[in-house]
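The values are calculated or read from the model by the stated rules, or taken from the named source; none is laboratory data. Small disclaimer: the values here were computed from a predicted structure and weren't measured. Every residue, glycine as well, gets a Cβ built from its backbone with ideal geometry; the counts of neighbours run over all protein chains shown. Keep in mind that these areas ignore ligands, DNA and RNA; they rest on the heavy atoms of the full protein, side chains included. Shrake-Rupley method; radii C 1.70, N 1.55, O 1.52, S 1.80 Å.
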Amino acid sequence: MQARAPLMIEHRLIEQMLNAIQHKLEHVEQTRSIDPCFVDTAVDFIRVYADRTHHGKEEDIMFTELRGKKLSNEDRHLMNELIEDHIFSRKTTKALVEANMRYRTGDKAALSEIMDSLKTLVDFYPKHIKKEDDVFFPAARSYFTEEEDKAMLAEFREFDRKMIHEKYKAVVKEFETIIG
Ligand SMILES: [Fe+2]
Ligand SMILES: [Fe+2]
């Protein structure tokens, strides 16, 4: 298995979630209401799975390794663009969380902001995935030897192994804060 394989498998689950969000949005448009818990679930998926677990492997391992290579201008430019995309997705998610908080406490006008942020993610993210799957990952592979690619796959696995612990440590910490 090549190192990029688990990243591409993760892309499929992200697409599946985006499709589900899209489906939900159609329903929200008709009813003009949303269950804030649905937004919480979408946010948890985006933050913990898409951002921390998935972008984490891309940025902290693959892109970091690539910084030590002599990338073509085109590939370097694309890598920077992908990092900007990740930043954009974090900003959009932050706006979504804030709007959901206002909606939950009775500000019904926040619904359109929730919908806008979800729509933005649904529209933007598949383009990001396509850039990685079709262009950047194949290009990135050419900078690594077989051995380096295998080592990167092992690093990805180690990174993933820690994620569940990190997630639930954060849950306990938050729970402690809530109960005081
Ligand atoms: Fe990415
Ligand atoms: Fe990705």
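Tabulated data
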{"read-out": "Computed lengthening from N80 to D35, 0.36 nm per intervening residue step minus Cα-Cα distance", "value": "12.6 nm"}
{"read-out": "Spatial separation of Cα centroids for segment 113-158 and segment 13-40, in angstrom", "value": "24 Å"}
{"read-out": "Residue-by-residue Karplus 3J(HN,Hα) for segment 117-132, coefficients 6.51, -1.76, 1.60, Hz, glycine and proline x", "value": "5, 5, 4, 4, 5, 5, 7, 7, 5, x, 5, 5, 4, 4, 4, 6"}
{"read-out": "From phi via Karplus (6.51, -1.76, 1.60), per-residue ³J(HN,Hα) for segment 39-47 in Hz, x at Gly/Pro", "value": "5, 4, 5, 4, 5, 4, 4, 5, 6"}
{"read-out": "Whole-Å semi-axes of the chain's equivalent ellipsoid (Cα gyration tensor)", "value": "33, 20, 13"}
{"read-out": "Rounded accessible area of T177 (nearest 10 Å², 1.4 Å probe)", "value": "100 Å²"}
{"read-out": "The chain, accessible area per residue, ligands and nucleic acids excluded (1.4 Å, Å²)", "value": "58 Å²"}
{"read-out": "Heavy-atom accessible surface of the chain: percent carbon and sulfur, 1.4 Å", "value": "57 percent"}
{"read-out": "Rg followed by Dmax, in Å, when segment 126-180 is reduced to its Cα trace", "value": "17.7, 52"}
{"read-out": "Using a Förster distance of 41 Å, the FRET efficiency for H27-T64 (Cβ separation, nearest 0.05)", "value": "0.50"}
{"read-out": "Heavy-atom accessible area ranking, 1.4 Å probe, most first, across D44, D116, D51", "value": "D116, D44, D51"}
{"read-out": "Karplus-derived HN-Hα couplings along segment 21-33 (A = 6.51, B = -1.76, C = 1.60, θ = phi - 60°), whole Hz, x at Gly and Pro", "value": "5, 4, 4, 5, 4, 4, 5, 4, 4, 6, 8, 6, 8"}
{"read-out": "Qualifying lysines (Cα of each under 22 Å from Cα of K169; at least 8 residues distant if same chain)", "value": "K57, K94"}
{"read-out": "Over the chain: helical MRE at 222 nm, DSSP H runs n ≥ 4 each giving -39500 (n - 2.57), nearest 500", "value": "-25000 deg cm²/dmol"}
{"read-out": "Total charge dipole magnitude, segment 17-70, about the Cα centre, Cβ charges on Lys, Arg, Asp, Glu only, Debye to nearest 20", "value": "300 debye"}
{"read-out": "Check: the chain dipole with +1 on Lys, Arg Cβ and -1 on Asp, Glu Cβ, in debye", "value": "300 debye"}
